[in-house]
Amino acid sequence: MKIPLLDLKAQLDTIRDEIMAAVTATVDSSCYIMGPQIEQFEKNVAAYCRTQAAVGVSSGTDALLASLMALGVGRDDLVLTTPYTFFATMGSILRVGAQPVFVDIDPVTYNIDPDKVAALLSDSSLAAKLKAILPVHLFGQCADMAPLLKMAADLDIPVVEDAAQAIGAVYPMKVEGALEWHKAGSMGRCGCFSFFPSKNLGGMGDGGMIVTNSEKFAADLRIIRVHGDISKYDHSVVGGNFRLDAIQAAVLNVKLQHLHKWHAARRQNATLYNALFKEAGLVEGGYVATPEAVYQEQAVAGDDVDYHIYNQYVIRVKNRNALRDYLLEQSIGVAVYYPIPLHKQKCISGLKASRVCLPEAEKAAEETLALPIYPELTSEMQEFLVERIRAFYKK
Ligand SMILES: Cc1ncc(COP(=O)(O)O)c(C=O)c1O
């Protein structure tokens, strides 16, 4: 049985007519740059994320870059972040001339570890140079935001959430004793999303969005995304061409309406994998550690809460590379996110940020493997896949 890592055609088949109607209407409108599709999508995303504003941009990378530009982060400033994420998180920091400061991850969630952040911030000369904290909500589960927000507030610096993989994921916060679920991207100064096709809300090309509760920040971003243009050919700052494409917005406006259902299907697939790995004796045997949805417990039974949106379902395994090759040879799509942590990347080998020891990120880079988790994946496929993994370990 062939099992792809992601099957975009299977998803398209369920919404083809809606998508084609939206694309055709946009094509017929001749309005390809900005315009009503973008405005509508920004409104829809702001409502979905429960934020004051949303600003469409050209990609998740540009969402991060424009946010750091709007915050005035620049040469020799420090930005605290995780070493275990996609390159764009670090790339955007370096592109504004700042330096990343890496803090190791929690081995269970793979997200930045707030205790290790606190330990690092006890160095007051480092804390003084810090201009932002940039946590990533990796694989679709929020980083532990409450302590990060508190530490950032104490330092009076902003938190920029890299929520590229986590649109719609929620984080439990106690507000005046009551539990509130806060959406990824809505907790810091801003949140950055990617609509790369493999994301839970994926376009048919590149796209991104920044959400924020500050109208002033949104206004600054709207200027930065059009070369700093405040009125025609009058440039107040140096920005970029960071516009979201109107056809992408049309596609995404359709897909957003299906997102909650797709998140739920991914969660259901994750629950089935967890059970299958247990049944196969792979968890007890120490061959496979399944991912933990750490906020699940706070979601009372029956609550329809997106505590994890499983953009990726990532297991930790023994003998990872051999297992990956074994599955790929059998046309089972698996992938390693990420084989080289950011502090080990060649392009920063001369920087101070590379001279750190981050054992949890390094271990995760050697041991993790992402399995297919897309909503249309069938239970037969999942059973087959787990059986193949069982056969690998218990030959
Ligand atoms: C964590 C993270 N940050 C940033 C990005 C960049 O997004 P994009 O590919 O839309 O530029 C991605 C996307 O792959 C990502 O996964």
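Would you mind computing Rg(Cα) / (2.2 N^0.38 Å) for segment 277-378, counting N as its residues? Please list the in-between numbers first.
Numbers: Rg = 16.7 Å, N = 102, 2.2 N^0.38 = 12.8 Å.
Compared with the compact-globule rule of thumb, segment 277-378 sits at 1.31.
Rounded to the nearest 500, what is the chain's calculated 222 nm mean residue ellipticity when only DSSP H runs of at least 4 contribute -39500 (n - 2.57) each, over all residues? Numbers along the way, then the final one.
On the way: 13 runs with 157 residues, N = 395.
Helix contribution divided over all residues of the chain: -12500 deg cm²/dmol.
Over all distinct Cα-Cα pairs of segment 175-220, the Kirkwood formula returns a hydrodynamic radius of 12.4 Å. The rule of thumb for compact globular proteins, 2.2 N^0.38 Å, goes into the C-alpha radius of gyration of segment 32-103 1.30 times. For the cross-link pairs Lys183/Lys255; Lys150/Lys261; Lys174/Lys216; Lys131/Lys261, which exceed 30 Å when the distance is taken from alpha carbon to alpha carbon? Exceeds cut-off: Lys150/Lys261; Lys131/Lys261. Given 20 °C and 1.002 mPa s, compute D for the chain with the Stokes-Einstein relation, Rh being the Kirkwood radius over Cα pairs; round to the nearest whole µm²/s. Roughly 99 µm²/s, to the nearest whole number. Taken as entire DSSP H runs, the helices of the chain that both span 24 Å or more between Cα atoms along their own long axis and average -0.5 or more on the Kyte-Doolittle scale are 8-29.
Enumerate by residue number the trypsin sites (Lys or Arg not before Pro) in segment 276-344 meeting two conditions: DSSP loop (anything except H, G, I, E, B), and at most 11 other Cβ atoms within 10 Å of the site's Cβ.
On the way: sites: Lys278, Arg316, Lys318, Arg320, Arg324, Lys344; in loops: Lys318.
Passing both the DSSP loop test and the Cβ count: no residue.
All of the numbers you see were taken from the coordinates with simple rules; none came from a lab. Since the structure is predicted, the reported quantities are computational estimates derived from the model, not experimental observations. Please note: Cβ atoms are built from the backbone with ideal geometry, for glycine as well, and neighbour counts cover all protein chains shown.
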